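Chemist: Dropping the structure in here first, questions after.
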Amino acid sequence: MRIRVYYEDTDCGGIVYHSNYLKYCERARSEAFFKSGIAPLQNGIGFVVKEMQICFDYPAKLGDLLEVQTQIIGQKSASLQLLQTIYLTNFEIPKKIFSATITLVCMDSKTKKITKIPQWAQTIFDTLKGY
């Protein structure tokens, strides 16, 4: 997913504020569902972040063009682990500037209990394998 860095994304020095990288990753995860014509929450079943490891490699700044890539690196019956990487695409060769390893769990929002990943979501996740 492509993202342009706007003024609202930056601090007073014109550098992307650290929490916005997480927002970009969240948007890319949601966009994977929307591109398939499916909302990320169906019949009260959705996904929540359980764990996250992040690495900031290089800052993005006002006006930069970014690319967020999402890849599944592990999956169990009720959870999956993603690698989300953000690249700065202003250069001839994109430069990796941020990465996050994220564990999501499938949850029933009514009961607040972890549940098995439904087929409608699995179909979308299959498109993210081996990105």
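The values are calculated or read from the model by the stated rules, or taken from the named source; none is laboratory data. Bear in mind the structure is a predicted one, so any value in this text is a computation, not a measurement. Glycine gets a Cβ as well: all are built from the backbone with ideal geometry, and neighbour counts include every protein chain shown. The accessibility values were calculated without ligands, DNA or RNA, using every heavy atom of the protein model including side chains. Shrake-Rupley method; radii C 1.70, N 1.55, O 1.52, S 1.80 Å.
Chemist: Before we move on, is CYS55 under 15 Å from the mean Cα position of the chain (by Cα), surrounded by 14 or more Cβ atoms within 10 Å (Cβ to Cβ) and modelled with pLDDT of 95 or more?
Modeler: No, not satisfied.
Chemist: Listed residues SER79, SER109, SER99; which is touching a residue at least 24 places away in the same chain (Cβ under 8 Å), among the hydroxyl-bearing types (Ser, Thr, Tyr), out of contact with any Pro (no Cβ under 8 Å at 6 or more places or on another chain) and within 16 Å of CYS25 (Cα to Cα)?
Modeler: SER99
Chemist: Also: Exactly one condition in (1) under 16 Å from ALA100 (Cα atoms); (2) among the small types (Gly, Ala, Ser); (3) touching a strand residue (DSSP E or B) at 6+ places or on another chain (Cβ under 7 Å) is not met by GLY14; state its number.
Modeler: Exception for GLY14: condition (1).
Chemist: Further question on the same structure: Looking at (1) in contact (Cβ under 8 Å) with a residue 40 or more places away in the chain; (2) touching a Lys or Arg at 6+ places or on another chain (Cβ under 9 Å); (3) within 26 Å of LYS116 (Cα to Cα), which is the one condition that is false for CYS25?
Modeler: Here CYS25 meets the rest and fails (2).
Chemist: In the range 101-124, how many are open to solvent by 60 Å² or more (accessible area, probe 1.4 Å) and of a type in the set (Gly, Ala, Ser)?
Modeler: 0
Chemist: Filter the range 28-41 down to the residues that are under 13 Å from PRO118 (Cβ atoms) and in contact (Cβ under 8 Å) with a residue 60 or more places away in the chain and list them by number.
Modeler: PHE33, ILE38, LEU41, listed by residue number.
Chemist: Got a sec? Which of PHE34, PHE98 is under 15 Å from the mean Cα position of the chain (by Cα), within 26 Å of GLU8 (Cβ to Cβ) and open to solvent by 80 Å² or more (accessible area, probe 1.4 Å)?
Modeler: Just a single option satisfies the conditions, and that option is PHE34.
Chemist: Is it the case, given these coordinates, that ILE86 is under 20 Å from ILE3 (Cα atoms), among the hydrophobic types (A, V, I, L, M, F, W, C) and open to solvent by 60 Å² or more (accessible area, probe 1.4 Å)? Working first, answer last.
Modeler: Values: under 20 Å from ILE3 (Cα atoms): yes; among the hydrophobic types (A, V, I, L, M, F, W, C): yes; open to solvent by 60 Å² or more (accessible area, probe 1.4 Å): no.
Considered against the rule, which asks whether it is under 20 Å from ILE3 (Cα atoms), among the hydrophobic types (A, V, I, L, M, F, W, C) and open to solvent by 60 Å² or more (accessible area, probe 1.4 Å), ILE86 comes out as no.
Chemist: Continuing with this model, one more query. Need at least 1 residues that are of a type in the set (Phe, Trp, Tyr) and under 26 Å from LYS129 (Cα atoms) per element, so show me which strands (runs of 3 or more DSSP E) inside the range 1-117 make the cut, counting only ones lying wholly within it.
Modeler: Output list reads 45-56, 79-88, 95-108.
Chemist: If you don't mind, another one. When you check LYS76 against the structure, is it of a type in the set (Lys, Arg), at pLDDT 95 or above and over 30 Å from ARG4 (Cβ atoms), yes or no? Quick ask: steps written out before the conclusion?
Modeler: Values: of a type in the set (Lys, Arg): yes; at pLDDT 95 or above: yes; over 30 Å from ARG4 (Cβ atoms): yes.
Spelling it out, LYS76 is indeed of a type in the set (Lys, Arg), at pLDDT 95 or above and over 30 Å from ARG4 (Cβ atoms).
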